[in-house]
Amino acid sequence: MGEFTGVMQEERTEFELSGLCAEELGFMRIEERRAVIEAAGLNPDEYDF
């Protein structure tokens, strides 16, 4: 019948794989948040909110 019986893994974004928590970042000052995002190897211009 073609039933899918395996475990399906969702694709994770670069942000999720970085280990950063969006909730925690939301409470930081913008300068601190940008520094943390950059230190995680991400572009703060793409992920800053």
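The values are calculated or read from the model by the stated rules, or taken from the named source; none is laboratory data. These figures come from a predicted structure and were not determined experimentally. FYI the Cβ positions are ideal-geometry reconstructions off the backbone, even for glycines, and counts take in every protein chain you see.
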Could you list, ordered by first residue, the pairs with Cβ atoms under 8 Å in which the first is in segment 24-44 and in contact (Cβ under 8 Å) with a residue 12 or more places away in the chain and surrounded by 13 or more Cβ atoms within 10 Å (Cβ to Cβ) and the second is in a helix (DSSP H, G or I) and among the acidic types (Asp, Glu), at least 6 apart or interchain?
LEU42/GLU14
Could you count how many residues in segment 5-30 are modelled with pLDDT of 90 or more and either of a type in the set (Lys, Arg) or in contact with a helix residue (DSSP H, G or I) (Cβ under 6 Å, 6 or more places away or on another chain) (or both)?
2
